[in-house]
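This report refers to the structure that appears directly beneath it.
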């Protein structure tokens, strides 16, 4: 008995420890789960104003400048001005050491050499293609003859077709008129003034009633067939909808089974709700439907046969009445129509003779084949000449290229010599405009070469500009011609206007270069700050700009939703589509299924999906 007591105490202690551990896991499981969730920072949706304006700044520059260059190699003897000095047109900027323009003499020597080489290239004789050209000329003549024959054949076939069509029309007129005469002949032969007219009339009414009865019966049968099809289609539509509902139920059932497995395994806390059961739909019998349709079609066919027989009987009885009660002189009509038939027969004989007398013509197919043959012969002759020229060109390609290259080099060298002769900068260089020297890149004793800028001069009186760079999103808020407000200059009258908006070559996909025209009392190199864009507007839903995201379908924000549970609040994100109405870069006004005081995600520790559970940062 004493040995069982320690054992019982041990069991009780183990059970107590197990219960404590289970309680700990139950109450702290939510906290443990939270640490595995993505962490998000949020901001509250508010209302207010957003100014669609962009703030920029930049240095004032002259609107245009020019680079000072020399025509050949020079040695700087003296620099007359410094950077920042004002100069007048004609002022001497640089003085060079005495010497000749070696570049001009070298250019003339090179031109002479180029012209000699070019003259040598002209001595080469062009290859002779007289025999090949003669063969091509003969092939062209043969092809033209074949084309003329084809054209004439088409013309004659067209004329013959017209005559045949005239004969066919005449024949149709004769056949139609013959039928008309035959009918009149039957009336003439069967004409009689005697007979039981009242009996024949009564028979017509009886036959008409029979036709009307059969028509009503046929219409009823067709209506029943249509109703069979409509009922079957309605049943199939209902079956399709029930199949969709049943498939959805199966998906929900599978999901419920998975959740129940998770619940039984302790992976989730709340027991899932079972979906409402949906019975499997029964497919309507297509075989029975087709059998009913076939039966009804058999009845319709029998009804149509009875209706046709009744209509035929009605025609006979109506014809009998007309025979017993003629209203026109049938014999006179027969004579007139027979005379017309004779005229039509004469027209047909004349048309048939015209076709017979036209004679034979060349078939279009034969003429077309002849054209193809002659065209192929011409193509062969041309290809032979091309092949010969290509073969000759392989040996003369280098000389021909050199000839063209020499012509271009000679013209280029002549232009260079002309430019060097026109320039008078052997001993000094003068300013071409009034302005301010902004840069000097040489000093006394330096050797400078042609076309290398040795100074830059901003032209006076050309106005002022400010160059700046903005993001592509900011560039969408401004337009060429927009007036900008200068923010940091109050003691002078300055106005600014957007002159141009172009992609930034260094980052074309992300930023744009914007140039402003500045008017007023501006000072070169001073820094000015400006704002440009649309005026402010009041909006009901404003979020931080970094809360607005973009995917393939457009703009959206992630709204944080909260759901209370026994273990605390649970936070999820919901993707909401929005349209951007205005932005100032920092804040953005949006519209959509989003409301004031809701919280949106501004930053997250990892990418988020719609409906995903998250945890808030400690500052939220």
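The values are calculated or read from the model by the stated rules, or taken from the named source; none is laboratory data. A quick note: this is a predicted structure, and the numbers were derived from the prediction, not measured. For neighbour counting, all protein chains shown are included, and Cβ atoms are generated from backbone atoms with ideal geometry for every residue, glycine included.
Could you figure out which of (1) outside any loop (DSSP other than H, G, I, E, B); (2) modelled with pLDDT of 85 or more isn't true of residue 28?
If we test residue 28 against (1) outside any loop (DSSP other than H, G, I, E, B); (2) modelled with pLDDT of 85 or more, just (2) comes out false.
Checking the conditions here, which among 403, 388 is in contact with a helix residue (DSSP H, G or I) (Cβ under 8 Å, 6 or more places away or on another chain), in a helix (DSSP H, G or I), over 30 Å from residue 98 (Cα atoms) and modelled with pLDDT of 75 or more?
Numbers: 403 fails: modelled with pLDDT of 75 or more.
Residue meeting the stated conditions: 388.
Against the condition outside the structural domain of residue 319 (by TED's automatic domain parsing) and surrounded by 12 or more Cβ atoms within 10 Å (Cβ to Cβ), how does residue 148 come out, does it pass?
Working: outside the structural domain of residue 319 (by TED's automatic domain parsing): yes; surrounded by 12 or more Cβ atoms within 10 Å (Cβ to Cβ): yes.
Criteria met by residue 148.
Does residue 382 qualify as being in the same structural domain as residue 161 (by TED's automatic domain parsing), touching a helix residue (DSSP H, G or I) at 6+ places or on another chain (Cβ under 7 Å), modelled with pLDDT of 70 or more and over 30 Å from residue 137 (Cα atoms)? Before you say what the answer is, go through the steps one by one.
On the way: in the same structural domain as residue 161 (by TED's automatic domain parsing): yes; touching a helix residue (DSSP H, G or I) at 6+ places or on another chain (Cβ under 7 Å): yes; modelled with pLDDT of 70 or more: yes; over 30 Å from residue 137 (Cα atoms): no.
In short, no.
So, in the range 495-525, exactly how many residues are at pLDDT 85 or above and crowded, with 16+ Cβ neighbours inside 10 Å?
Residues flagged as at pLDDT 85 or above and crowded, with 16+ Cβ neighbours inside 10 Å within the range 495-525 amount to 13.
Any residue at all in the range 272-291 that is part of a helix (DSSP H, G or I), exposed (fewer than 13 other Cβ atoms within 10 Å of the Cβ), modelled with pLDDT of 80 or more and within 56 Å of the chain's Cα centre (by Cα)?
yes
Taking residue 450, is it modelled with pLDDT under 85, assigned to a loop (DSSP other than H, G, I, E, B) and either within 15 Å of residue 532 (Cα to Cα) or within 35 Å of the chain's Cα centre (by Cα) (or both)?
Numbers: modelled with pLDDT under 85: yes; assigned to a loop (DSSP other than H, G, I, E, B): yes; either within 15 Å of residue 532 (Cα to Cα) or within 35 Å of the chain's Cα centre (by Cα) (or both): no.
No; evaluated as a whole, the condition is false for this residue.
To keep it simple, each residue is scored yes or no on (1) out of contact with any strand residue (DSSP E or B) (no Cβ under 7 Å at 6 or more places or on another chain); (2) at pLDDT below 75; (3) assigned by TED's automatic domain parsing to the domain that holds residue 312; (4) over 23 Å from residue 297 (Cβ atoms).
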residue	(1), (2), (3), (4)
205	yes, no, yes, yes
217	yes, no, yes, no
223	yes, no, yes, no
232	yes, no, yes, no
239	yes, yes, yes, yes
252	yes, no, yes, yes
255	yes, no, yes, yes
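Where in the range 468-573 are there strands (runs of 3 or more DSSP E), lying fully within it, with 3 or more residues that are touching a residue at least 12 places away in the same chain (Cβ under 8 Å)? Give the derivation first.
Working: elements: 483-486, 494-503, 511-520, 527-544, 549-551, 554-565.
Those strands (runs of 3 or more DSSP E) span 483-486, 494-503, 511-520, 527-544, 554-565.
Identify the residue in the range 72-101 that is more than 60 Å from the chain's Cα centre (by Cα) and not in a loop (DSSP other than H, G, I, E, B) and, among all such residues, is modelled with the lowest pLDDT.
96
Pick out the one residue from 574, 519, 555 that is under 30 Å from residue 460 (Cα atoms) and touching a strand residue (DSSP E or B) at 6+ places or on another chain (Cβ under 7 Å).
Numbers: 574 fails: under 30 Å from residue 460 (Cα atoms); 555 fails: under 30 Å from residue 460 (Cα atoms).
Unique residue meeting the criteria: 519.
Which of the residues spanning the range 409-428 are within 17 Å of residue 89 (Cβ to Cβ) and at pLDDT 80 or above?
428
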